[in-house]
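To keep things clear, I will list the structure first and then write my remarks on it.
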Amino acid sequence: MAETDTRDALGPVLIANDGEVLTRLRLSAAEAARVCNVTPRQLIYWTKKGLVKPSTDGDHDYDVYAMEKVIRIRQALEKGHSLEKAAQMVQREMTTLQVEAKRLDDLTADDLEDELRTRLERLESRLGELRRSLPASLTIARLRRAVAVLTRLDAQGTLDGAHANGDTAKTVALRLGRAIDELELLLREVQPAVV
């Protein structure tokens, strides 16, 4: 049996076991750091500061919950937050998720189905709003091509002396390029909420 076939066959078993494999998974600091895309030194420093705790089994391995926290802290740092602020934000997120998981776990099957249906409707509504707010003609690929054309024309000297609201073509290309980068960043932030 091929490895992909084995993985496909194991998927329902892992789900049926309520994630038992995940709850038992433990990785060393070096392995956890690699999985979380941080350095072992960062992970050990965060652990010593009490921002992340190794598994509660008394060993120095990290469980999936600790690794999730590390990943979220790293992502908050990438957004420009200080380590302390990132850790506080992540702790609040994790506590909120824990409370929400408990609340959902306590729901009856019918109430849970209603809850999920309501959430799906909100997501579909939000997706519709996003689609309406972004004109179909303004695709990022078209914007990138426009920047490339402006840059090429400026490099050829074709636009020397040409001004658009007092800006040279090079300035317009740079400003448009930055706007496209910001748009892509915004879309990446919005997409996980839509999925």
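Some points to look at:
- The trypsin sites (Lys or Arg not before Pro) of the stretch 26-104 meeting both criteria, a DSSP state outside H, G, I, E and B (loop) and at most 12 other C-beta atoms within 10 angstrom of the site's C-beta, are LYS49, LYS79.
- Computed from the C-beta positions of LEU83 and THR23, the FRET efficiency with R₀ = 30 Å rounds to 0.60.
- Where labels lie 7 Å past Cα in the beta-carbon direction, separation of ARG92 and ASP105 in nm: 2.4
- Theoretical FRET efficiency, 1/(1+(r/R0)^6), r = Cβ-Cβ of GLU68 and ALA146, R0 35 Å, to 0.05: 0.30
- Between the beta carbons of ARG131 and ASP181, assuming R0 = 30 Å, the FRET efficiency works out to 0.90 to the nearest 0.05.
- Local electrostatic count at LEU83 - Lys and Arg +1, Asp and Glu -1, tallied over other residues with Cβ under 11 Å: +2
- Within straight-line reach of LYS102, meaning a Cα separation under 19 Å, sit the following lysines at least 8 residues removed in sequence or on another chain: LYS69.
None of the figures in this text is laboratory data; all of them are computed from the coordinates on show. Since we're looking at a predicted model, the values are computed, not measured. So basically every Cβ, Gly included, is an ideal-geometry build from the backbone, and we count neighbours across all protein chains shown.
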